[in-house]
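> Before we start, here is the structure in question, set down as structure tokens.
The values are calculated or read from the model by the stated rules, or taken from the named source; none is laboratory data. If you're wondering where the values come from, they're calculated on a predicted model, not measured in any experiment. Cβ placement follows ideal geometry from the backbone for every residue including glycine, while neighbour counts extend to all protein chains displayed.
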């Protein structure tokens, strides 16, 4: 669903998309953090990347824009779903990736020249009229209308230019051969129609459970398969935000002050929805079209429907939609048209405008002035935000104090008792493991893996609260003993025994002679599945890894049953009913496009690997307290 959301964000009105696209360069999204959790250079910094920062304001604006755009596309969107999809983490990570690329660009001495900036600005259709730049005044007016500071907009474009330059520089050595492209083209375009039978171990019963000797023997034969990952444990002190909230109150004066200090957050800009009837002419038919414009205008003033007349007469791209240019797209009109629109009241229609090559009749179908939501409307939201902020600040202050005391004694439990707090064991955790009711995202276990033995962490901010943890023990990765993995060994052995029995059953069935496999499956306790257009690597129900299936599907003669092949849940057999193959002649028609596509894919894979290495070398510090606070603030408004 998130993939669909990302794709649909790009369908936004052009001016709004400019804002998002230039501030977020979405190459890939992998959530991770380096450096000590909870540290920051200053209170307004969410992420510190070497000498660069991602500020609260920047993250707030990008997250809010993305959420608002998605809300328009998915009206039922809610904060819980966005958290489940890790959207806030992905957006912050995209911003981190952008800063890493900018760091590399500047390190290599790359610059964005004034001429490159001008070319970039002029490339946006919204700043063009008849293929020419609209001029500085009109350019500035469009930005002002969208509340975009011109300096910030141009700085973001310079960053965009630098990122494109470093991308080209870093990936210049990535290449693809014609044979690689041909193979990729075949994989993407060759299909088979097939049917298959699946015999599942779930439907097999063993006459007896494995004996102790059988379990021991199976383990001895497969010892290399079993290892225990490194695990760590510690003592932690945890303050739950919801518990602290119960003791916190917020006064009306605090709410009013927050409202006044952040009034811009509660403003909704003025909007005009515009419809147009557009009649083009040549010198030969100019007078005829001018007369038609007057006639249409007369019919409109007499009460005829604007949308119906636009559909009948208009000659622009929106004629089929009744001339509806929405709230934003009309900003690509001529200055004369835009000036006329801004003078209209809701429901009013302009006189026919002679543009020198066309006649334009415009209507303000809706006009909404800039609205600032009242304090009464947003009071509950502000109250919740301030309580959340106070609770987290209080927890942070108490944890900072506790950390100072604990580091002097190197004993968290003793320091906690002195401060009237209690410790609790984390239990053995793998890196990234969550802790129920404390840390659903695994930040605490990540912190444990960054500590030396007996070392005490900085405050770790989770969605649930704030914690301090001391590393008390390390259980290194090691070959497993039978006692450590006995349940897993027994389960694996039962699975193997079931598969052996299943294979024998499948071999005894006369599926090769069966004409109708669907009926055969019902009669023999098998699953029947069919795929109309299967491609290599494409998911198939009941088969996790399609490697062997693909090999058979694209090599077997038509209608010839395969030998049984193993799946994660049992065995399967297949037969190919139809096969669509591509030829070199087909490939030749699209070779250039296919080469460009595969080259871009390989470049992004290379860049991903390269930036992972850069990321390890950079000192990246994330203030999860601020991240969670801003995220809660933005997502908290979603349901209003």
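> Which of the residues spanning the stretch 32-55 are within 18 Å of residue 629 (Cα to Cα) and at pLDDT below 85?
33, 37, 38, 39, 40, 41, 42, 43, 44
> Can you tell which of 531, 512 is surrounded by 16 or more Cβ atoms within 10 Å (Cβ to Cβ) and not in a loop (DSSP other than H, G, I, E, B)?
When all the criteria are applied, what remains is 531.
> Can you tell me which residue is farthest from the chain's Cα centre (by Cα) among those in the stretch 341-357 that are at pLDDT 90 or above and either in a helix (DSSP H, G or I) or closer than 17 Å to residue 129 by Cβ (or both)?
354
> Then there is this: Assigned by TED's automatic domain parsing to the domain that holds residue 359, touching a strand residue (DSSP E or B) at 6+ places or on another chain (Cβ under 8 Å) and either surrounded by fewer than 13 Cβ atoms within 10 Å (Cβ to Cβ) or farther than 30 Å from residue 460 by Cβ (or both): is that true of residue 197 in this structure?
no
Per-residue answers, yes or no, for (1) closer than 30 Å to residue 448 by Cα; (2) in contact (Cβ under 8 Å) with a residue 40 or more places away in the chain; (3) surrounded by fewer than 18 Cβ atoms within 10 Å (Cβ to Cβ):
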{"site": "76", "(1), (2), (3)": "no, no, yes"}
{"site": "92", "(1), (2), (3)": "yes, yes, no"}
{"site": "98", "(1), (2), (3)": "yes, yes, no"}
{"site": "106", "(1), (2), (3)": "no, yes, yes"}
{"site": "140", "(1), (2), (3)": "no, no, yes"}
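> Which residue, of 504, 500, 484, is part of a helix (DSSP H, G or I), over 30 Å from residue 191 (Cα atoms) and touching a strand residue (DSSP E or B) at 6+ places or on another chain (Cβ under 6 Å)?
That would be 484, the only listed residue that is part of a helix (DSSP H, G or I), over 30 Å from residue 191 (Cα atoms) and touching a strand residue (DSSP E or B) at 6+ places or on another chain (Cβ under 6 Å).
> Return the residues of the stretch 480-499 that are touching a helix residue (DSSP H, G or I) at 6+ places or on another chain (Cβ under 7 Å) and farther than 26 Å from residue 567 by Cα; say none if nothing qualifies.
482
> Would you pick out the residues in the stretch 429-456 that are surrounded by fewer than 16 Cβ atoms within 10 Å (Cβ to Cβ) and closer than 11 Å to residue 472 by Cα?
Scanning the stretch 429-456 gives 452, 453, 454, 455.
> Scanning the stretch 257-314 for residues that are under 21 Å from residue 355 (Cα atoms) and in a loop (DSSP other than H, G, I, E, B), which turns out nearest to the chain's Cα centre (by Cα)?
314
> So which of 616, 593, 612 is exposed (fewer than 14 other Cβ atoms within 10 Å of the Cβ), out of contact with any helix residue (DSSP H, G or I) (no Cβ under 6 Å at 6 or more places or on another chain) and not assigned by TED's automatic domain parsing to the domain that holds residue 47?
593
> Could I ask something else about it? Look at residue 626 and say whether it is outside any helix (DSSP H, G or I), at pLDDT below 85 and under 21 Å from the mean Cα position of the chain (by Cα).
Judged against the criteria, residue 626 is not a match.
> OK, next. Just for the stretch 118-140: of the residues that are part of a helix (DSSP H, G or I) and in contact with a helix residue (DSSP H, G or I) (Cβ under 8 Å, 6 or more places away or on another chain), which one is farthest from residue 271 (Cα to Cα)?
The qualifying residue farthest from residue 271 (Cα to Cα) is 120.
> Also, I was wondering about something else. Determine the pairs where a residue that is in contact (Cβ under 8 Å) with a residue 60 or more places away in the chain, located within the stretch 345-357, has a partner that is in a loop (DSSP other than H, G, I, E, B) and surrounded by 12 or more Cβ atoms within 10 Å (Cβ to Cβ) with Cβ atoms under 9 Å apart, the partner being 6 or more residues away or on another chain.
What qualifies is 357/281.
> I need a count of the residues in the stretch 359-385 that are over 30 Å from residue 261 (Cα atoms) and surrounded by fewer than 17 Cβ atoms within 10 Å (Cβ to Cβ).
Adding up the residues that qualify gives 1.
> Please find, among 186, 227, the residue that is modelled with pLDDT under 95 and either within 30 Å of residue 402 (Cα to Cα) or in contact with a strand residue (DSSP E or B) (Cβ under 7 Å, 6 or more places away or on another chain) (or both).
Going through 186, 227 in turn, just one is modelled with pLDDT under 95 and either within 30 Å of residue 402 (Cα to Cα) or in contact with a strand residue (DSSP E or B) (Cβ under 7 Å, 6 or more places away or on another chain) (or both): 227.
> I need the full set of residues from the stretch 416-436 which are touching a helix residue (DSSP H, G or I) at 6+ places or on another chain (Cβ under 8 Å) and either in a loop (DSSP other than H, G, I, E, B) or on the phi > 0 side of the Ramachandran plot (or both), in order please.
If the condition is that a residue be touching a helix residue (DSSP H, G or I) at 6+ places or on another chain (Cβ under 8 Å) and either in a loop (DSSP other than H, G, I, E, B) or on the phi > 0 side of the Ramachandran plot (or both), then 419, 421, 422, 423, 426, 430, 431, 432, 433, 434 are the ones that fit.
For (1) over 30 Å from the mean Cα position of the chain (by Cα); (2) in the same structural domain as residue 399 (by TED's automatic domain parsing); (3) within 30 Å of residue 388 (Cβ to Cβ); (4) modelled with pLDDT of 90 or more, each residue gets a yes or a no:
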site: 437; (1), (2), (3), (4): no, yes, yes, no
site: 443; (1), (2), (3), (4): no, yes, yes, no
site: 456; (1), (2), (3), (4): yes, yes, yes, yes
site: 459; (1), (2), (3), (4): no, yes, yes, no
site: 465; (1), (2), (3), (4): no, yes, yes, no
site: 468; (1), (2), (3), (4): yes, yes, yes, yes
site: 472; (1), (2), (3), (4): yes, yes, no, yes
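> I would also like to ask the following. Free of Cβ contacts under 8 Å to residues at least 40 places away in the same chain and under 21 Å from residue 626 (Cβ atoms), is that true of residue 441?
So residue 441 passes the test.
> Follow-up. Is it the case, given these coordinates, that residue 126 is under 21 Å from residue 334 (Cα atoms), in contact (Cβ under 8 Å) with a residue 24 or more places away in the chain and in contact with a strand residue (DSSP E or B) (Cβ under 8 Å, 6 or more places away or on another chain)?
no
> Can I ask one more? For residues that are at pLDDT below 90 and either out of contact with any strand residue (DSSP E or B) (no Cβ under 8 Å at 6 or more places or on another chain) or part of a strand (DSSP E or B) (or both), scanning just the stretch 359-373, find the one that is farthest from residue 318 (Cα to Cα).
Selected residue: 372.
> Looking only at the stretch 523-539, how many residues end up being modelled with pLDDT under 90 and touching a strand residue (DSSP E or B) at 6+ places or on another chain (Cβ under 7 Å)?
0
> What residue, among those in the stretch 202-252 that are assigned to a strand (DSSP E or B) and in contact with a helix residue (DSSP H, G or I) (Cβ under 6 Å, 6 or more places away or on another chain), is surrounded by the most Cβ atoms within 10 Å (Cβ to Cβ)?
The extreme case among them is 234.
> Still on this model: Report yes if residue 268 is touching a strand residue (DSSP E or B) at 6+ places or on another chain (Cβ under 9 Å), surrounded by fewer than 12 Cβ atoms within 10 Å (Cβ to Cβ) and closer than 30 Å to residue 391 by Cα, otherwise no.
When the stated conditions are applied, residue 268 passes them.
> Got at least one residue in the stretch 95-117 being assigned to a helix (DSSP H, G or I), touching a strand residue (DSSP E or B) at 6+ places or on another chain (Cβ under 6 Å) and closer than 30 Å to residue 268 by Cβ?
Yes, there is a match, as at least one residue in the stretch 95-117 is assigned to a helix (DSSP H, G or I), touching a strand residue (DSSP E or B) at 6+ places or on another chain (Cβ under 6 Å) and closer than 30 Å to residue 268 by Cβ.
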